[in-house]
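Any read-out appearing in this document is the output of simple, stated calculations on the displayed coordinates, not a laboratory observation. This structure is a prediction, so every number in the text was calculated from the model and none was measured. Virtual Cβ from ideal backbone geometry, glycine too; neighbours counted across all protein chains shown.
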Amino acid sequence: MGELIEDMTAPGKAAGLPDRAPGPGEKGSKYGWVWQCSLRNEDSDRVLSDAEWRGVAEDVMDRTGIAPTDDSGGCRWIAVHHDENHIHLMATLVRQDSERRFHPRNDFTVVRSVCREWEGKLGLTLTAGADKTATRAATRGEIEKAARRGGPRPDGPGTGGAGGGGGTAVAVLPSRVRLRQIVSQTAATKRGTPEFLEALRAQGVRVHENHGPDGTLRGYAVGMAGDTDRKGKQVLFGGRTLAPDLSLPKLQQRWDSAPTPQVQVTPTRLSKASQEDKVTALRTGAAAAEQARTALAAGTEAADGIAHATADLLASLARATEGIHAGPSAAAAAVYDRAARTPGVVQPNQWGTAAQGLRMASWQIGMMGMISGKGKDQNAATVALLLALAALTAEVAADRQQARRLHQAAAATKTSTLLREHPTVLAPPPPDLAAGMRHLLQQQAQQTRQAPTSAQPAPTSYPGATRLPTVEPPRRGPRR
């Protein structure tokens, strides 16, 4: 092993490259000169031979440019096959002939493309390609920073606490993740730039506005209170860095996509809206979800608009029922997030009638303030909306599967499952709920959880998809 290590690192040592990363305050590149990659196929796939794995590995090294097959002076590399279903690749990014550093370009994308080709050649489980619809994950530094900020802290606006003071031990999400949730929910419940930015500030979010030379607002950036860098400067994230469809132009396009709901809200002494208003808003949301599901199943409206507007209704329901806390509804909205986006264009330019209805219902729920879900009417309306959203997201999953958008299909499928298993759906109905309504809701919940996988129309008592999907999450073939 020692001799192998010497052989692999010899070009780097000959080039005078450091054998460790620079410490705090030291000069030097943070990027090392050792490249590593793991390739793995699905457990259910057949066991590949050493020769087959060698073919995959050589193709990866060739097409990334690290070690082209016809270039004897390329970088040194090895492949280690120590388990049946995966191998590890390691290369020194220093050319043997010139001792110059080599910097692979777009290696993630290239490796992904190679893996998908070999999945077909070898008869392995086909996986989804990279479609650039995923949000940027929190970096290792952001995760470690959040862990250091964890522990006792005071409750308050935007912190995730209950607002009661006193401080409790809580797990702190990375700022990027927490801000994405806050901004997404706020964007779904507001319908204009001024009220959107004002609502963010009211939640304790630090907002920086980017104005052009003529004073026009061109963009925004947000940060969590107390999140600073080493120099004490506020850490900010532009809307687009949180999610592709959270940039200001995309938000303005979304807010202009539907007319303002003509709703009269009656405030009470303890709430922004009356109980009747809240029940009406929830029922409107359920009706909009069912209308969208029907349009999607019949193919009478563009699926991309419906899929994107569904995300807003999920986000507004999470904000109304859970507030700034991250509960099961917020979790479902976060899982669905990728299903809302269209590869290549992020979000559609136009929305049909059903998509507009979803967006208007989202805004109407946003006007209600907090919705407790207590009482027979609110409970029944909340369960009805959750079931309608479960059916709608199942329909979205079926449509995305047919379009071979496997990332979106997997996200929508998992969301539908989460909604069917939502605590509000599974909980016993309130004692004062009428016997007939209690029976109907229990029947709907049971039929939703045990939804058939055939393409036959669902029972009329269950607002389920007419194309209930047999979708499974994209499985992993050889990948980086």
Segment residue 63-residue 47, length gained on full extension (0.36 nm per residue, minus Cα span): 3.3 nm
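With N denoting the number of residues in the stretch 326-436, provide Rg(C-alpha) divided by 2.2 N^0.38 Å, to two decimal places.
In units of the globular-protein estimate, the stretch 326-436 measures up at 1.18.
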Packing-based order for 222-235, 84-97, 384-397, using average beta carbon neighbours within 10 Å, highest first: 384-397, 84-97, 222-235
Difference of contour (0.36 nm per residue) and Cα-Cα distance, residue 5 to residue 103: 33.2 nm
Furthest towards positive pole of dipole, 89, 75, 127, structure part the stretch 45-133, Cβ charges: 75
Difference of contour (0.36 nm per residue) and Cα-Cα distance, residue 125 to residue 19: 34.2 nm
Alpha-carbon centroids, the stretch 343-392 and the stretch 240-270: separation in whole Å: 13 Å
Whichever lysines have a C-alpha closer than 24 Å to that of residue 132, once near sequence neighbours (fewer than 8 apart) are set aside: 250, 414
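Viscosity 1.567 mPa s, temperature 4 °C: Stokes-Einstein D of the stretch 169-280 from its Kirkwood Cα radius, in µm² per second? Before the final figure, lay out each step's value.
Numbers: Rh = 15.9 Å.
D, rounded to a whole number, is 81 µm²/s.
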Residue 147-residue 70 FRET efficiency (beta carbon distance; Förster radius 41 Å; 0.05 resolution): 0.30
Assigned charges on the beta-carbon of Lys, Arg, Asp, Glu; the stretch 36-109 dipole about Cα centre (debye): 440 debye
